[in-house]
1. Evaluate the relative contact order of the stretch 9-152 (contact order divided by residue number), counting alpha-carbon pairs under 8 angstrom at least 6 apart; express in whole percent.
2. All other residues with a Cβ under 10 Å from the Cβ of Asp113 taken together, and with Lys, Arg as +1 and Asp, Glu as -1, what is their net charge?
3. How would Asp154, Asp2 line up from fewest to most surrounding beta-carbon atoms within 10 angstrom?
4. Could you tell me what fraction of 2.2 N^0.38 Å the Cα radius of gyration of the chain comes to, as a two-decimal ratio?
5. Determine Rg/Rh for the stretch 114-171; Rg is computed over alpha-carbon atoms and Rh is the Kirkwood hydrodynamic estimate from the same atoms.
6. If I take R0 = 45 Å and measure r between the Cβ atoms of Thr146 and Ile58 in this structure, what FRET efficiency does the formula 1/(1 + (r/R0)^6) give, to the nearest 0.05?
7. For the pair Asp154/Gln183, report the inter-label distance in nm, with labels modelled 7 Å from Cα in the Cβ direction.
8. Please determine, in degrees from 0 to 90 and to the nearest 10, the orientation of helix 31-62 with respect to the longest principal axis defined by the Cα atoms of the chain, where the helix direction is its Cα long axis.
Amino acid sequence: MDSFDIGRLIYLALLGAALLMWFVTHNRQSLGKTLQQVMAWVFIFVGVIALVGLWEDIRSSVGPAPQMSVTGNSVEVPRAYDGHYYLPVLVNGELITFLVDTGASQIVLNAQDAKRAGIDPDQLNYFGRALTANGEVRTAPVRLETLTVGPITDQNVSAWVNEGELDKSLLGMEYLHRFSSIQFADGKLILSR
């Protein structure tokens, strides 16, 4: 903070003190009631700021989740509120929601989803390495017995289990290349075989 910023801060402090003194002197008779009204407006203001700041979290928690629709051998997934595409997939018979990630090479499971799919992450050999936005993490190769998206089932699919922190499992390009057509249109991801 330089001397110019300090001067501004002193000016604003003096201006605020002058406004406060003016407010107190003009509202001496009804100061208690006026302070109640001011506090009510302060709480309303803070509530509105909190609502605006948390709106995306509230909307994604309370609002209906986007649903996948199936037409023949095509699967349509609407874009979620956060701008991503989430695909519900049956992995070894267990429903796991994947984040469709065109920046990921393979299918990557986090430890929780691997457990749900019948894979024990503690028994895996983490010899692979992956470079992520959070740095390098260790990975372990696995084979998924079945992977079902809508009417489409693939067997003996290779995937990786991520040893690091990963909120959602990722459906990468290696799996997406199995589809004959991948389209992004009208806020939907359309996968066709």
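No value in this document is a laboratory result; all are computed from the given coordinates. These numbers were taken from a predicted model, which means no experiment stands behind them. Note that we place each Cβ from the backbone using ideal geometry, even for glycine, and neighbour counts take in every protein chain shown.
1. Numbers: 112 pairs, mean separation 24.1, N = 144.
So the answer I get is 17 percent.
2. Values: positive: Lys115, Arg116, Lys168; negative: Glu94.
Around Asp113, the surrounding residues sum to +2.
3. Working: Asp154 13, Asp2 6.
Least to most surrounded, the residues fall as Asp2, Asp154.
4. 1.66
5. Details: Rg = 12.3 Å, Rh = 12.5 Å.
Looking at the stretch 114-171, the ratio lands at 0.99.
6. Numbers: r = 36 Å, r/R0 = 0.80.
For R0 = 45 Å, the calculated efficiency reads 0.80.
7. 2.1
8. 10
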